[in-house]
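The values are calculated or read from the model by the stated rules, or taken from the named source; none is laboratory data. Remember, predicted model here, so these are calculated numbers, not experimental data. Cβ placement follows ideal geometry from the backbone for every residue including glycine, while neighbour counts extend to all protein chains displayed. Surface accessibility is based on the protein's heavy atoms, side chains included, excluding ligands, DNA and RNA. Shrake-Rupley method; radii C 1.70, N 1.55, O 1.52, S 1.80 Å.
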Amino acid sequence: MPSFRTKLAGSADGPTGIVVPPAVIEEIGQGKKPAVALTVNGYAYRSTVAVMGGDFMIPFSSEHRAKSGIKAGDEIEVIIEFDDKPREIEVPESLADALAAKGLREKFDKQAPSKRKEFVRQVNEAKAEDTRQRRIDKIVADLS
């Protein structure tokens, strides 16, 4: 498994990410934007490499910073490998029912993992039932 040391790029109040050396991407051998499983200073998560401004980057969200205690500018040890496991996302029953009713579940399941995760987040974070239903209706309309 490839590993490398670096600093977590970004700022304290903005987005952060891990700049991956090109040699590591080459060693992974799955193209320029592979799905990866990584461990950063002992904290493990799954993500996808993106190309930003010519650099290979992996996002390190505020959620990951809070769970790991790592912040922008910290020295990190990164262990990384290609992740070929399916990205399972638990779909709320109300969204699943609405998708099934319109024959859209298969289309939903073919969306990128990040897109499916965002749809689920929108539904799960709705505080009021009418807001939740409006969001479900919008997702169904977007997929139609």
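The figures follow:
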{"quantity": "12 Å beta-carbon shell around ALA141, net charge (K/R +1, D/E -1)", "calculated": "+2"}
{"quantity": "HN-Hα J in Hz across region 63-74 - Karplus 6.51, -1.76, 1.60, θ = phi - 60°, x for Gly and Pro", "calculated": "4, 5, 5, 5, 5, 9, x, 8, 10, 3, x, 5"}
{"quantity": "Sorted peptide list for 30-36, 48-54, 76-82, criterion being average Cβ within 10 angstrom, highest first", "calculated": "76-82, 30-36, 48-54"}
{"quantity": "Prolate/oblate/rounded call for the chain, Cα gyration tensor, a/c under 1.5 rounded", "calculated": "prolate"}
{"quantity": "For the chain, calculated [θ]222 nm from helices alone, where every DSSP H run of n ≥ 4 adds -39500 (n - 2.57)", "calculated": "-11000 deg cm²/dmol"}
{"quantity": "GLU125 accessible area, assembled protein chains, probe 1.4 Å, Å²", "calculated": "100 Å²"}
{"quantity": "Additional length obtainable on full extension of the chain from GLU93 to LYS117, 0.36 nm per residue less Cα span", "calculated": "7.2 nm"}
{"quantity": "Cβ charges +1 (Lys, Arg) and -1 (Asp, Glu), total dipole of the chain, debye", "calculated": "320 debye"}
{"quantity": "Karplus-derived HN-Hα couplings along region 112-122 (A = 6.51, B = -1.76, C = 1.60, θ = phi - 60°), whole Hz, x at Gly and Pro", "calculated": "4, x, 5, 5, 4, 4, 5, 4, 5, 4, 4"}
{"quantity": "Cα lying deepest toward the dipole's positive end in the chain, options GLY53, VAL40, GLY73, charges on Cβ", "calculated": "GLY53"}
{"quantity": "Alpha carbon centroid spacing (whole Å) that separates region 95-113 from region 22-81", "calculated": "30 Å"}
{"quantity": "ALA128/GLU27 FRET efficiency (R0 30 Å; Cβ-Cβ; nearest 0.05)", "calculated": "0.05"}
{"quantity": "About the Cα centre, charge dipole magnitude for region 61-141 (Lys/Arg +1, Asp/Glu -1 at Cβ), debye", "calculated": "460 debye"}
{"quantity": "Cβ-based net charge around THR16, under 14 Å, with every Lys or Arg adding one and every Asp or Glu removing one", "calculated": "-1"}
{"quantity": "Per residue value of the accessible surface for the chain (all protein chains in place, 1.4 Å probe), Å²", "calculated": "61 Å²"}
{"quantity": "13 Å beta-carbon shell around ALA72, net charge (K/R +1, D/E -1)", "calculated": "0"}
{"quantity": "Karplus 3J(HN,Hα) series, Hz, for region 13-20 with 6.51 cos²θ - 1.76 cosθ + 1.60 (x for Gly, Pro)", "calculated": "10, x, x, 10, x, 10, 7, 9"}
